[in-house]
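Input: a single structure, listed below in C-alpha cells.
The values are calculated or read from the model by the stated rules, or taken from the named source; none is laboratory data. What you see is a predicted model, and the numbers here were worked out from it, not measured in a lab. Glycine also receives a Cβ, built like all others from the backbone with ideal geometry; neighbour counts cover every protein chain displayed. Side chains are part of the model used for accessible areas, which takes the heavy atoms of the whole protein and leaves out ligands, DNA and RNA. Shrake-Rupley method; radii C 1.70, N 1.55, O 1.52, S 1.80 Å.
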Amino acid sequence: MQTLEKLIMLNFNNSSYWDEKYNTGSDIWSINNPVPVFVQLLEEQKFLHPSKLLIPGCGTGGEAIYAARNGYDVTVVDFSEAAISKLMEKAGKLKSNITFLNDNFFNLTKSNIENFNYIFEYVTYCSIQPEQREQFIQNMYSVLQKGGKYISLLFPIRREYSPPPFKIEMFEFLALAEKYFRIEYISNNIKSIKPRMNNEILIVMEKT
C-alpha cells in the first residue's frame, strides 16, 4: 500500500489539486496585490529594469499585473488552468503585455532557452517536492539570458507547515543555487505582509 505521504505527493503533483484550491477559494497563499518587496524592487530599479520577466508559478498574479503596468514584457506560467483564467480576467487590458502559459514550469526549457532577462519567483520553490528543487533551479538557469537575474523571495524559512509549502532550509537552498548562480544579494530586512513577517528572505542571483 502507498503511504499517506506518497498519496499526498501524487495529489498535489496533479493540476486538478491546484484547480480545486483556486475554484473553491482555498488558495490561502494568494493575496490580491503584489507583495510589497516586489513593488519596492520595481520602484528602485536596483536589480530590475523593464525587459523580459518570467514569473513561474504565478497563481492569480498580482506581481504579473503590476509588472505589465510598469512596462515589463511579462511571461507567466502556472500548472493550474483556474489560476491562469483568474489572472487573465484580472489583467483586463493589460493582457496584451502578458504571455500566459498554462503548463508545468518544468517544461519551460523546451522552448524558452535563454529567453528571459529576469525571473521573479515567490511561493513556488516551497511548493516543489524537495527532491525536485535542483531541477527547478537548473531550469531557471537555462531560461535566463547570460547576465540575467533570478530573484527569489523564499518562504517559509522559519515556521513549519503541513506541506505544501515545504519549509526551506537556507543552507540547502544556497548550496544548490551556488552551483549555477552568483549570489548577488541576500536580505531578510524586507517589506512583508504581516502574516509572513520574519519568515521570508530575498535573494538575488546572477547567471554569469
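For the reader, a short list of remarks on this structure follows.
- Cross-link pairs beyond the 24 Å C-alpha cut-off, checked among Lys52/Lys93; Lys21/Lys52; Lys110/Lys191: Lys21/Lys52; Lys110/Lys191
- Spherically averaged projected area of the convex hull of Cα atoms, segment 86-189: 8.1 nm².
- Carbon + sulfur, % of accessible area of segment 20-113 - ligands and nucleic acids excluded, 1.4 Å: 45
- Whole-Å semi-axes of the ellipsoid equivalent to segment 20-106 (Cα gyration tensor, √5λ, descending): 21, 14, 12
- Length released on extending from Lys146 to Thr24, taking residue separation times 0.36 nm less the Cα-Cα span: 39.8 nm
- Solvent exposure of the chain, expressed per residue, is 50 Å² of accessible area, with all protein chains present and a 1.4 angstrom probe.
- Mean shadow area of the chain, taken as a quarter of the surface of its Cα convex hull (nm²): 11.4
- DSSP-loop GluC sites (Glu not before Pro) across segment 96-174, with at most 15 other Cβ within 10 angstrom: Glu114, Glu160, Glu169
- Heavy-atom accessible area, probed at 1.4 angstrom with all protein chains present, ranks Asp103, Asp78 as Asp103, Asp78, highest first.
- Candidate aspartates and glutamates for bridging to Lys146, where Cα separation is under 16 Å - those fewer than 8 sequence places away on the same chain excluded: Glu114, Glu178, Glu184, Glu206
- In this view, the solvent-accessible surface of Lys191, computed with a 1.4 Å probe and all protein chains in place, comes to about 120 Å².
- Estimated from helical segments only, the mean residue ellipticity of the chain at 222 nm is -9000 deg cm²/dmol, where each DSSP H run of four or more residues counts as -39500 (n - 2.57).
- Carbon plus sulfur fraction of accessible area for segment 151-208, probe 1.4 Å, in percent: 49
- Translational diffusion coefficient (Stokes-Einstein; Kirkwood radius from C-alpha pairs) of segment 129-183 at 37 °C, 0.692 mPa s, in µm²/s: 269
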